[in-house]
1. Can you tell which of A:72, A:28, A:36 is at pLDDT 85 or above, away from every other protein chain (no Cβ under 14 Å) and under 25 Å from residue A:7 (Cβ atoms)?
2. Considering region A:152-164 alone, what residues qualify as being within 13 Å of another protein chain (Cβ to nearest Cβ) and open to solvent by 10 Å² or more (accessible area, probe 1.4 Å)?
3. Please enumerate the residues belonging to region B:76-97 that are under 20 Å from residue B:166 (Cβ atoms) and modelled with pLDDT of 90 or more.
4. If residue B:68 satisfies every condition in (1) on the phi > 0 side of the Ramachandran plot; (2) loosely packed, with under 15 Cβ neighbours inside 10 Å; (3) in contact (Cβ under 8 Å) with a residue 24 or more places away in the chain but one, which is the exception?
5. Mind telling me which of the residues A:126, A:148 ends up being crowded, with 22+ Cβ neighbours inside 10 Å, under 28 Å from residue B:179 (Cα atoms) and not hydroxyl-bearing (Ser, Thr, Tyr)?
6. Identify all residues within region A:33-64 that are closer than 21 Å to residue A:76 by Cα, among the aliphatic types (A, V, I, L, M) and open to solvent by less than 30 Å² (accessible area, probe 1.4 Å); write none if there are none.
7. Here are some conditions: (1) within 12 Å of chain A (Cβ to nearest Cβ); (2) loosely packed, with under 15 Cβ neighbours inside 10 Å. Residue B:93 meets all but one. Which one does it not meet?
8. Can you tell which of B:66, B:81, B:23 is in contact with a strand residue (DSSP E or B) (Cβ under 8 Å, 6 or more places away or on another chain) and charged (D, E, K, R)?
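The values are calculated or read from the model by the stated rules, or taken from the named source; none is laboratory data. Just so it is clear, the structure is predicted and the values come from calculations on it, not from any experiment. Cβ: placed from backbone, ideal geometry, glycine included. Neighbour counts: every protein chain shown. All accessible areas refer to the heavy atoms of the entire protein, side chains included, with ligands and DNA or RNA removed. Shrake-Rupley method; radii C 1.70, N 1.55, O 1.52, S 1.80 Å.
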Number of protein chains: 2
Amino acid sequence: MKSDKISEAVVRRLPVYLRFLNDLQKREILTVSSQELGQKLDLNPAQIRKDLAYFGDFGRKGIGYDVTYLIEKIRHILKLDQQLNVALVGAGNLGHALSNYNAYLKDTMKITAIFDSYAPKVGRKINSLTVQPMEELGQTVREQGIRIGIITVPDSEAQNVADILIESGIEAILNFAPMILKTPPNIRVHAADFTTDLQSLAYYLKDGKEESGNEEQ
Amino acid sequence: MKSDKISEAVVRRLPVYLRFLNDLQKREILTVSSQELGQKLDLNPAQIRKDLAYFGDFGRKGIGYDVTYLIEKIRHILKLDQQLNVALVGAGNLGHALSNYNAYLKDTMKITAIFDSYAPKVGRKINSLTVQPMEELGQTVREQGIRIGIITVPDSEAQNVADILIESGIEAILNFAPMILKTPPNIRVHAADFTTDLQSLAYYLKDGKEESGNEEQ
């Protein structure tokens with residue numbers, strides 16, 4: 001299987017499948033059909049079968065997919081079957097909120113260090129982590145083998161933080177600053193800007209004329 | 001143009017185009033080619049041409065796209081050319097962080113009300129908004145003609161909040177709680193779970209064996 005053959009759209013759906021499968025496993029459900037997956041995840045079952053077929057022939061007609069096996073496969077494909085340490089830069093409200101998600105991340109992927117350039121924030125505890133100064137970033141990234149960085153600083157600082165992360169050896173960035181980072185081609189950047197989520201949601205609103213019940217339209 | 005003909009993947013890319021185009025407009029750049037767009041947004045130029053062709057024949061060979069015209073068109077398609085009020089439920093760190101994004105949202109789309117069920121939070125100011133009790137949600141949604149809700153409450157409360165939002169007449173939900181909501185088919189829900197963003201990012205990491213420089217792999 002060649003990594004670069006799988007489209008980004010598929011890669012973005014795999015964690016969604018994984019989350020639902022983990023939920024099934026918790027409820028001790030052993031198999032699931034593409035119909036059930038489709039219904040729960042608001043996706044076409046044919047699309048799901050096609051997505052999963054990228055990774056080999058998992059499903060069995062009339063029985064469906066083996067939940068445990070599918071979880072293992074997806075975790076392997078997403079490299080979640082290895083320890084992945086994550087650094088977060090920006091200990092504001094958003095950084096704080098994201099560090100709370102640590103509980104939801106599988107234990108192999110974890111935010112293990114938090115940095116901020118603002119002196120009064122350094123030394124504070126966020127959950128079990130102590131906010132470190134930016135000067136310690138390079139050494140901590142190397143020591144902990146951190147490969148992924150999350151940027152939750154204001155727009156004006158984001159590029160500078162990205163440069164520092166990349167210099168320290170990070171390979172991938174999740175960027176919450178609503179701006180486009182300039183990065184070398186070997187660095188993978190995903191934008192996690194919630195404004196684009198919100199704007200694409202607006203597309204699905206019914207047209208005003210068909211509306212009723214909203215008095216102020 | 002039929003709304004339901006455009007795939008979700010395209011709808012999700014349109015706000016990304018829009019953000020970049022707005023940036024060009026600010027810098028007084030009048031035209032842009034699909035090559036430039038592709039380079040900046042890490043997308044195939046052919047894909048971009050195909051996406052934009054859904055909405056009519058915008059581009060001109062050798063000149064490119066008219067920035068202002070394209071902005072107008074995308075804003076119209078995404079229904080951003082009308083006033084869209086948004087309610088946010090959950091005035092914690094994440095809710096606080098999101099309300100700061102108001103400045104980045106175009107003035108037609110805005111978080112206009114914040115709610116929380118926790119009494120000590122009610123009455124607090126977050127930017128220019130006062131946190132309201134859940135009991136006021138229905139009336140405020142009707143009075144302000146709010147059509148979109150954002151959920152930033154803990155997992156255990158998210159379904160209940162979704163039910164209340166839907167009952168009050170909201171049409172679309174951006175859900176930050178890392179769980180799958182049960183909603184009627186006429187309600188559009190987008191999951192904004194950052195763990196899935198992070199997990200899909202892991203896919204693009206280089207395989208361990210090829211790595212160097214990380215001492216603790």
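1. A:72
2. A:152, A:153, A:154, A:155, A:156
3. B:84, B:85, B:86, B:87, B:88, B:89, B:90, B:95
4. Of (1) on the phi > 0 side of the Ramachandran plot; (2) loosely packed, with under 15 Cβ neighbours inside 10 Å; (3) in contact (Cβ under 8 Å) with a residue 24 or more places away in the chain, only one is false for residue B:68: (1).
5. It is A:148.
6. Within region A:33-64, A:37, A:48, A:52 qualify.
7. Exception for residue B:93: condition (2).
8. On the way: B:81 fails: in contact with a strand residue (DSSP E or B) (Cβ under 8 Å, 6 or more places away or on another chain); B:23 fails: in contact with a strand residue (DSSP E or B) (Cβ under 8 Å, 6 or more places away or on another chain).
Checking each option against the conditions leaves just B:66.
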